[in-house]
Amino acid sequence: MNPVSVKEGISPVVIAVPHAGTWLPEEVRARLNARGATLADTDWHVDRLYDGLLPGAAMVVANFHRYVVDPNRPPDGASLYPGQNTTGLVATTDFDGEPIWTEPPTTDETAARVAAFHAPYHAAVAAALEAAKARHGVAILYDAHSIRSRIPFLFDGTLPDLCIGTADGTSCDESLSEAVMKIAGSSKRYRHVLNGRFKGGWTTRHYGKPASGVHAIQMELAQSAYLKTEAAPFAYDDAKAASLRAILSEILHRLEELAPDLKVTP
């Protein structure tokens, strides 16, 4: 199984999808407990949701599940949200704080998973960004995620539908976050927030270096905005998705339009 799928692009925008994959090596699957085996923390159908929205954009999709190793965490395992409940490089619990393993991976196993899965995914993301920047003088990484709208272990209350993260304004030019917020606010149907509970994971923080011509923005969607229910079988809702795809398409096209203004001159 190829750990990463890559769709080549010609746009300055690169779409990264780190958490929609559901594949697990058999030796990993065998050590998940019954709760872990449900894979409830998957970013269900995010690759499908974004498919074709910006035809020229490269898309990098991790095919492996985040329980193998989380490609949106630092490879050294450092916490992205110190002092808050979260999951790590290899999660020991699910998003509800419940154990997912009958036998958790060892330190050596974690290192092997980083080499076999985390590293190839980021090699593909980096290559796509380099190609976009070489072509356009600028690259915009759009990191695509989703999560259940209510998870008391991680946050209070109900999550807004569109959670935009820019590492508190450090990972992209302000014009990009302003544009995304404006479009998000244009619909009365969706609640939105900038740098709320989710400010952007390691991907956004690692690649987002505006001074060097690479901008990064994370979109964390509430799954209630496009799934029939936020419980198994986590079915895709075509009608909900169609409405959301219209907003997401407008966002991606606007990012592409703004890219030339951010071009870095050698």
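The values are calculated or read from the model by the stated rules, or taken from the named source; none is laboratory data. Remember, it's a predicted structure, so these values are computed and weren't measured experimentally. Cβ placement follows ideal geometry from the backbone for every residue including glycine, while neighbour counts extend to all protein chains displayed. SASA here: full protein model, heavy atoms, side chains in, ligands and nucleic acids out. Shrake-Rupley method; radii C 1.70, N 1.55, O 1.52, S 1.80 Å.
Whole-Hz Karplus values for region 196-202 come out as x, 4, 10, 9, x, x, 5 Hz, taken residue by residue from phi with 6.51 cos²θ - 1.76 cosθ + 1.60 and θ = phi - 60°; glycine and proline positions read x. In plain terms, the C-alpha convex hull of region 25-130 casts an average shadow of 7.8 nm² when viewed from every direction. Among the GluC sites (Glu not before Pro) found in region 162-266, not one is both in a DSSP coil and sparsely packed, with 11 or fewer other Cβ atoms within 10 Å of its Cβ.
Think of it as helices only: each DSSP H run of n ≥ 4 in the chain is worth -39500 (n - 2.57), and spread over all residues that comes to -8500 deg cm²/dmol at 222 nm. Rolling a 1.4 angstrom probe over region 1-108 with all protein chains present gives an accessible area of which 51% lies on carbon and sulfur atoms.
Per the Debye calculation on region 127-257 with a single equal scatterer at every Cα and no solvent contribution, log₁₀ I(q)/I(0) for q = 0.10, 0.22 Å⁻¹ amounts to -0.33, -1.31.
Expressed to the nearest 5 percent, the antiparallel share of DSSP beta bridges inside region 1-82 is 45 percent.
Note on region 203-266: Rg/Rh from C-alpha atoms, Kirkwood Rh, equals 1.14. By how many degrees, 0 to 90 and rounded to 10, does the Cα axis of helix 174-186 deviate from the longest principal axis of the chain? So the inclination is approximately 80 degrees.
Amide hydrogen proximity for residue 143: with H placed 1.01 Å from N in the peptide plane, the residues at 5 or more positions away or on another chain lying under 5 Å are 16, 217, 218, 219.
Per residue, region 139-208 exposes 40 Å² of accessible surface when a 1.4 Å probe is rolled over the protein heavy atoms with every protein chain present.
Here the Karplus relation 6.51 cos²θ - 1.76 cosθ + 1.60, evaluated at θ = phi - 60°, turns the backbone of region 127-138 into coupling constants of 5, 5, 5, 4, 5, 5, 5, 5, 7, 10, x, 7 Hz, with x for every Gly and Pro.
Angle of helix 238-258 to the longest C-alpha principal axis of the chain, folded into 0 to 90 degrees and rounded to 10: 50°. The calculated Kirkwood hydrodynamic radius for the chain is 18.6 Å, given to one decimal from all distinct C-alpha pairs.
In this label model, residue 126 and residue 34 are separated by 4.3 nm, measuring between points 7 Å along each Cα→Cβ vector.
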